[in-house]
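In what follows, a structure is listed as structure tokens, so that the remarks can point back to it.
Every number in this text was worked out from the coordinates using simple rules, so none of it is lab data. Source: prediction; values computed, not measured. Here the Cβ is made from the backbone with ideal geometry for all residues, glycine too, and neighbour counts use every protein chain on show.
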Amino acid sequence: MTKNTALLALLGLTFFQCSTDTDWQSQNQELIEKYNLQTTSVNLPENGIPLLTEPGQVLTKNQQQSFELAEGINATLFYGNGAMTARLNLEPGSGINGDTLPADRFLFVLAGSVTMQINDQNEELAAKAREEQDGTHGGMPVTPFVYQKKGSLNQFTAGENGAKLLEIYAPVRADYLAKSGVTDVPQEVRAENTVEPSVQPNFVYDLYDIPLSVISETINARIISGETIQVGFTQIDPLSEIPPIADPVEKLELALRGNASLMTLGKNRKLEKEDVLYLPPNMVHGVTTDSFGLDVLEVIWPAQEGIQSRIADAQKAFHEIIPEDAEAELLIDGSKTKPTLIFTEGPKWMNGKVYFSNMFFDQNFGASPQKSSTIEMDPDGHYHAITQGKMQTNGLYPYKNGNLIVCDMMGHRVVEMSTTGKVIQVLANEYNGKPIDGPNDVITDKKGGFYFTDPQFTMEPEKFQPGRAVYYVNADREVIRITEPNEFAMPNGILLSPDGKTLYINNCYDDESWFPVNSEKENYVWAYDVNEDGTIRNGRQFAKLLLPENVLNRKGKSSSADGMAIDTEGNIYVATYMGVQIFNNQGVFMGIINLPTFPVSLCFGEENMKTLFITSFDKIYKIRTKKAGYINYL
């Protein structure tokens with residue numbers, strides 16, 4: 001068994017139930033031998049719970065029965081020998097008036113809101129759906145949840161729009177079984193094998209704040225552990241094939257999004273949204289996803305120390321960069337301050353200040369330089385415009401003589417500008433005798449030259465240049481195109497490594513029906529070796545950017561990668577749809593900074609250069625880090 005296969009055996013797709021059906025067990029043993037799989041002897045308590053479905057069989061959405069759990073609450077159950085999932089639909093104002101939990105529980109609010117009594121206080125848990133980004137908005141999703149121990153008070157009431165809840169229990173709730181119509185419910189239901197929970201009981205979390213673990217090249221998961229169960233929200237990439245594995249635990253699985261072909265007992269079975277599946281310990285199974293990929297909820301029982309260690313490792317790696325107690329702080333709400341902020345971009349730290357662009361867009365990304373400005377901000381959030389109504393600037397970077405190098409995007413040029421807003425000189429405005437289109441992001445090198453991206457994100461329907469590209473301007477002001485037109489579907493953010501030897505370029509959009517270019521760059525940050533003359537060679541995929549569910553649902557490859565930052569160790573920080581994705585200097589995923597709104601760009605700043613300032617539409621956030629940011633000052 002390979003290392004990756006062994007890891008997948010802990011976290012792969014599965015469901016559970018104990019059965020004495022020797023037919024499936026004999027078939028399964030043949031598959032274990034066929035694929036030469038290692039299995040683990042399992043000794044779990046037998047609770048005598050009637051099976052809801054046969055081992056390895058998919059129970060489709062239409063085959064699942066619902067029942068009235070309480071007035072105004074409709075429930076659908078799926079369970080095994082040790083764990084249970086309950087999906088609850090609550091009418092407005094309905095709820096549970098107060099009883100005692102007979103088992104440990106995770107409660108997730110998938111839609112709507114509930115008011116819960118937690119630690120003798122009423123707390124509102126409200127879910128938010130992801131907003132599709134436009135020129136003025138881009139809200140991030142919120143899935144609140146709470147972990148509660150057996151014996152805790154169970155009391156909640158749905159808000160004015162009702163709620164959709166997901167409850168996960170261990171052990172199985174016998175009273176839920178009885179209410180659903182199951183006869184011969186056992187008097188005692190046991191759950192064994194305890195581990196240290198990864199979350200605190202009676203504390204409200206957001207699922208998107210849970211560190212994301214990369215399980216393999218095609219699988220990532222947010223994994224949460226209680227004492228007796230573990231819950232994984234797992235995403236498998238489109239067109240992935242997971243080889244046959246055999247897990248030493250029981251699992252319940254609920255398909256949340258996408259499709260897959262599941263192999264159990266030698267047969268391929270379709271797994272679609274809201275289908276459920278049960279696999280007992282050591283049942284052989286494999287998964288192949290289609291072009292949509294698959295998001296799946298996995299409930300693992302009993303809790304496993306190996307999985308717990310992986311949770312701890314993922315958290316430790318992330319917290320070596322972002323302190324455990326660090327939270328993104330809202331520094332400015334530009335909808336309430338003057339001048340009003342709209343679409344903030346391109347922040348850079350220089351001489352104790354943060355400089356950034358305040359671009360005007362309407363919801364359809366219609367631009368207006370007359371309504372745009374460039375901002376100087378103190379670290380405490382006080383700010384003022386240094387230019388107003390003259391340019392729609394985008395990327396900025398420290399330049400010579402204490403000035404800034406500025407992408408005047410709608411003005412089709414890169415300029416040197418003083419910190420009072422005066423344009424000192426034009427540094428680049430044409431290539432091959434024609435105007436450049438829309439310089440977006442810029443970075444200087446140690447030779448007196450600079451790089452800029454041009455994704456042609458301008459208002460003119462006819463572009464000047466033959467395609468989207470990246471350019472280098474050397475110290476003699478010679479403009480060199482270093483990527484072929486439309487080699488990137490939309491080149492956006494750009495970075496140089498601290499030693500100047502590696503150039504990083506990200507790709508914002510790709511494989512979209514509404515975007516005019518498709519490329520082979522897809523959802524990656526690309527790395528290039530830098531030649532002596534500033535040109536580049538040896539392009540390679542450096543970091544794979546994770547994609548949200550709405551992009552996967554339309555079969556896109558858009559990460560919306562925009563601004564990037566780098567620290568002195570070469571770790572890179574990328575503003576994306578998923579939040580700020582962080583990778584080490586080898587391109588290994590470290591984690592995500594989750595924010596209330598979609599991050600557009602970011603920079604390091606303050607005296608120790610260990611604070612990240614993050615621009616996000618009309619908001620500016622900051623968060624402490626343990627790393628010192630790198631800036632090339634000429």
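Given just the C-alpha atoms of segment 367-444, how large is their convex hull per residue in cubic angstrom? The partial results should precede the final answer.
Numbers: hull volume 7.8 nm³, N = 78.
So the per-residue Cα hull volume is 100 Å³.
Given the chain reduced to its alpha-carbon atoms as identical point scatterers, what log10 I(q)/I(0) does the Debye formula return at q = 0.07, 0.08 Å⁻¹?
-0.49, -0.63
Evaluate E = 1/(1 + (r/R0)^6) for residue 34 and residue 270, where r is the Cβ-Cβ distance and R0 equals 22 Å; express this FRET efficiency to the nearest 0.05. Please list the in-between numbers first.
Working: r = 23 Å, r/R0 = 1.03.
In this case the efficiency is close to 0.45.
Local charge sum around residue 528 (other residues, Cβ-Cβ under 9 Å, Lys/Arg +1, Asp/Glu -1)? Before the final figure, lay out the partial values.
Details: positive: 537, 540; negative: 529.
In short, +1.
Quick check for you: which residues of segment 148-187 have the amide N under 19 Å from the point 7 Å beyond the Cα of residue 120 toward its beta carbon?
Output list for this probe position: 149, 151-156.
With respect to the cross-link table entries 128/555; 316/501; 446/544; 251/544, which display a Cα-Cα separation exceeding 26 Å?
Working: 128/555 23 Å; 316/501 30 Å; 446/544 28 Å; 251/544 29 Å.
Over 26 Å Cα-Cα: 316/501; 446/544; 251/544.
Once the piece of chain linking residue 41 and residue 607 is laid out straight, how much longer is it, given 0.36 nm per residue of separation minus the C-alpha distance between them? Provide the component values of the computation, followed by the final result.
Working: separation 566, 0.36 × 566 = 203.76 nm, distance 5.69 nm.
Extending this stretch completely gives an extra 198.1 nm.
Using Cβ counts within 10 Å as a stand-in for footprinting exposure, how do 598, 292 rank, fewest first? Could the numbers behind the result be given before it?
Working: 598 23, 292 19.
The fewest-first ordering by Cβ neighbours comes to 292, 598.
Can you tell me which lysines have their Cα less than 19 Å from the Cα of residue 336? Leave out same-chain residues fewer than eight positions away.
Partners within reach: 371, 619, 622.
Given points 7 Å out from each Cα along the Cα-Cβ axis, report the residue 531 to residue 633 separation in nanometres with one decimal.
It works out to 3.3 nm between the two label points.
Please state, to two decimals, what the Cα-based radius of gyration of segment 386-522 comes to when divided by 2.2 N^0.38 Å (N = residues).
Dividing the Cα radius of gyration by 2.2 N^0.38 Å gives 1.02.
Based on other C-beta atoms within 10 Å, arrange 130, 173 from fewest to most. Intermediate results must be reported in sequence, preceding the final value.
Numbers: 130 18, 173 22.
Sorted ascending by nearby Cβ count, the order is 130, 173.
In what sequence do 600, 517 fall when counting other Cβ within 10 Å, fewest first?
Details: 600 25, 517 18.
Lowest to highest Cβ neighbour count: 517, 600.
Give the span of segment 447-532's Cα atoms along each principal axis, as three whole-Å numbers ordered largest to smallest.
The Cα atoms of segment 447-532 stretch 40, 27, 17 Å along the principal axes, largest first.
Between residue 68 and residue 184, 0.36 nm times their residue separation minus their Cα-Cα distance comes to what? Walk me through the intermediate numbers first.
Details: separation 116, 0.36 × 116 = 41.76 nm, distance 1.97 nm.
Result: 39.8 nm gained on full extension.
Report the relative contact order of the chain, percent, no decimals, based on alpha-carbon pairs under 8 angstrom and at least 6 residues apart. Mind showing how you got there, number by number?
Values: 1769 pairs, mean separation 71.0, N = 634.
Dividing the mean separation by the residue count of the chain yields 11 percent.
Could you state the orientation-averaged shadow area of the convex hull built on the Cα atoms of segment 329-624, in nm² to one decimal? Before the final figure, lay out each step's value.
On the way: hull surface 56.0 nm².
One quarter of the hull surface, i.e. the mean projection, equals 14.0 nm².
If the chain between residue 196 and residue 400 were fully stretched, how many nm would it gain, using 0.36 nm times the residue separation less the Cα-Cα distance? Before the final figure, lay out the partial values.
Working: separation 204, 0.36 × 204 = 73.44 nm, distance 5.45 nm.
Gain in length upon complete extension: 68.0 nm.
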